[in-house]
Amino acid sequence: MIFRRKEEEKKGADACILCRLCDAGSSYPLTLDERRSLRHAVWLAKNRRESAWLYAAMLNGVGEKACPIGIAIDDAIIDARRRMVEKGMETKENREFFAKLRQGKNPYA
Amino acid sequence: MMDAERLLRRMVDPGDYAADEESLLAYSYDASGLEGRPLAVLKPRDEEQLRRILVHANQYRLPVVPRGAGTGIRGGCVKEGAVVLDMRHFATIERLDTQRHTVDVGAGVTVRELNAALAKRGYRFPLVPEDEEATIGGLASQNHVTEESFLVGDYHDVVEQAACFDALGRHHLLKDADLSKGIGTEGVASVLLTLRVKVLPTHKLTADVFPAKDATAALDALDGLPKKGVLLAEYLDAEAARLLKLEGPCLLVAYANDGGSYKDKEYVETLLSKRKGLEKTLWAKGLAVEEAALTREQLPAFLGLCEKERWVCFGHLGGGILLAAVERTERETFWNKVIALGALPGGKQGFGRLKREYVPQDVKKMLLKLKEERDYNNILNPGVLV
């Protein structure tokens, strides 16, 4: 927690300028799959879009640390996921995703 | 169109073609705020795949948009209905020549990746943008300028040769004067493949801060600098200097030798990294950073304008490009006021789709001629620059 900004300094996904600096610590440089980039997850949260790909974010805090704006990225993504659940929008992909996880299989395959 | 799509799918490996809803959405934007849903996304892995895509796109007159990391702020890689070429698989870093100080880099390598690889061999790539996730191909196509352009120049100077395809899939090796057919053309006449770029060995680092109460004092300090060893000369107005915990307005100068009075390498590195982070600090305040290319005569008027409008002003005085932090809603005003001064807005990160109306007429004319020669069906990045 020592690396995280103070709560009052944090901003929401609306402030994102899509610079991609958060992606240095995401799986994007390895997969080169834009859908899995943290930037895309923040873009989805910013644009209030529901998508199973919100679950591709690892929420490990690395992107949040790298963000020049100080966006609470993990919280923004969790909020977006929560909105999906509240709308009853658990997708087929999401159900399959968790089923695979429970079975010990690769959820992204 | 269905035929075209089916054929496109065959041009690349199965996992490298994407036309699903989420992929199209993920490639429908960049850092500019522009949006445009592409037709398909292709990620070629080698030159043969790329050549086939271009030949095929030409046959069906499909617009093709080369894309690196999508970090551009002028909408250069966003186009409705286009075939997006994700160039990130062109990610080779090879043949570091320690005699000639060059390295061969794939267009899809990011600056962060390149510098991480070079650091292991005691070298670095000098033109590091504020956003290190940008790719070398993307930056070269915009002819990006950074603070170290004072010493090494822009991408025209740093790139020794560039391999590219034109819209017909013909291979070109650009050198010397021909480099301008690929560098700075924002993907409208060629798709960059690999670039031989100059690198710098790690060196000493010292710095100086000269007070510059007005434009004349800043220019005097600039003229008084030694001819050799100066890495960068950055102007900082009072507010920009305050953010760096310096007394401003001033001229921050870094040397690749013992020339500066600040000799503690750690302190100088911190100072330069803070300067590099200045844009990010201003982004965090909700501001946009815009740029203007200025002559010496235009500098006093520009500084006066920034003072009047209360825009934080700083930048590459040595390279003739100054930056101003403006409210996001004031970007258009900034460009128009800079033009009214007789100066050229832009000059640091291209024009893209957003600012194409500001492209000088002579540049447009040159590009149209180039397009006639290399892309007569106008499939490469239509709507950008020309």
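A few notes on this one:
- Of all the listed residues (B:96, B:127, B:118), the sole one being touching a Leu at 6+ places or on another chain (Cβ under 8 Å), buried (at least 19 other Cβ atoms within 10 Å of the Cβ) and outside any loop (DSSP other than H, G, I, E, B) is B:118.
- Meets criteria (within 14 Å of chain A (Cβ to nearest Cβ) and free of Cβ contacts under 8 Å to residues at least 24 places away in the same chain) for residue B:94: no
- Filter result for residue B:207 (free of Cβ contacts under 8 Å to residues at least 40 places away in the same chain and among the small types (Gly, Ala, Ser)): no
- Those residues of segment A:22-32 which are within 15 Å of residue B:109 (Cα to Cα) and surrounded by fewer than 23 Cβ atoms within 10 Å (Cβ to Cβ), in sequence order: A:24, A:29, A:30, A:31, A:32
- Within segment B:313-336, residues that are at pLDDT below 90 sit with their Cβ atoms under 6 Å from residues that are hydroxyl-bearing (Ser, Thr, Tyr) and part of a helix (DSSP H, G or I), at 6+ positions apart or across chains, in these pairs: B:319/B:149.
- Across segment B:262-302, the number of residues qualifying as over 17 Å from residue B:208 (Cβ atoms), more than 14 Å from chain A (Cβ to nearest Cβ) and in a loop (DSSP other than H, G, I, E, B) comes to 5.
- Any hit, segment B:144-160, residues being open to solvent by less than 30 Å² (accessible area, probe 1.4 Å), β-branched (Val, Ile, Thr), under 22 Å from residue B:252 (Cβ atoms) and in contact with a Gly (Cβ under 8 Å, 6 or more places away or on another chain): yes
- Check on residue A:72, among the aliphatic types (A, V, I, L, M), touching a Lys or Arg at 6+ places or on another chain (Cβ under 6 Å), open to solvent by less than 30 Å² (accessible area, probe 1.4 Å) and closer than 28 Å to residue A:11 by Cβ: yes
- Residue match in segment B:290-303 (condition: within 21 Å of the chain's Cα centre (by Cα), open to solvent by less than 20 Å² (accessible area, probe 1.4 Å) and over 24 Å from residue B:33 (Cβ atoms)): no
- Checking each residue in segment B:74-93 for being touching a Lys or Arg at 6+ places or on another chain (Cβ under 8 Å) and either among the aromatic types (Phe, Trp, Tyr) or open to solvent by 40 Å² or more (accessible area, probe 1.4 Å) (or both) picks out B:79, B:80, B:89.
- Residue within segment B:16-38 that is in contact (Cβ under 8 Å) with a residue 40 or more places away in the chain, more than 24 Å from the chain's Cα centre (by Cα), crowded, with 18+ Cβ neighbours inside 10 Å and away from chain A (no Cβ under 11 Å) present: no
- For segment B:39-75, the set of residues classified as within 14 Å of chain A (Cβ to nearest Cβ), of a type outside the set (Val, Ile, Thr) and under 17 Å from the mean Cα position of the chain (by Cα) consists of B:67, B:68, B:69, B:70, B:72, B:74, B:75, listed by residue number.
- Elements of type helices (runs of 4 or more DSSP H) in chain A, at least 3 residues being over 21 Å from residue B:27 (Cα atoms), away from chain B (no Cβ under 14 Å) and under 14 Å from the mean Cα position of the chain (by Cα): A:73-86
- Count - residues of segment B:249-286 that are more than 28 Å from the chain's Cα centre (by Cα) and buried (at least 16 other Cβ atoms within 10 Å of the Cβ): 3
The values are calculated or read from the model by the stated rules, or taken from the named source; none is laboratory data. Because the structure is a prediction, the values reported are computed rather than measured. Note that we place each Cβ from the backbone using ideal geometry, even for glycine, and neighbour counts take in every protein chain shown. All accessible areas refer to the heavy atoms of the entire protein, side chains included, with ligands and DNA or RNA removed. Shrake-Rupley method; radii C 1.70, N 1.55, O 1.52, S 1.80 Å.
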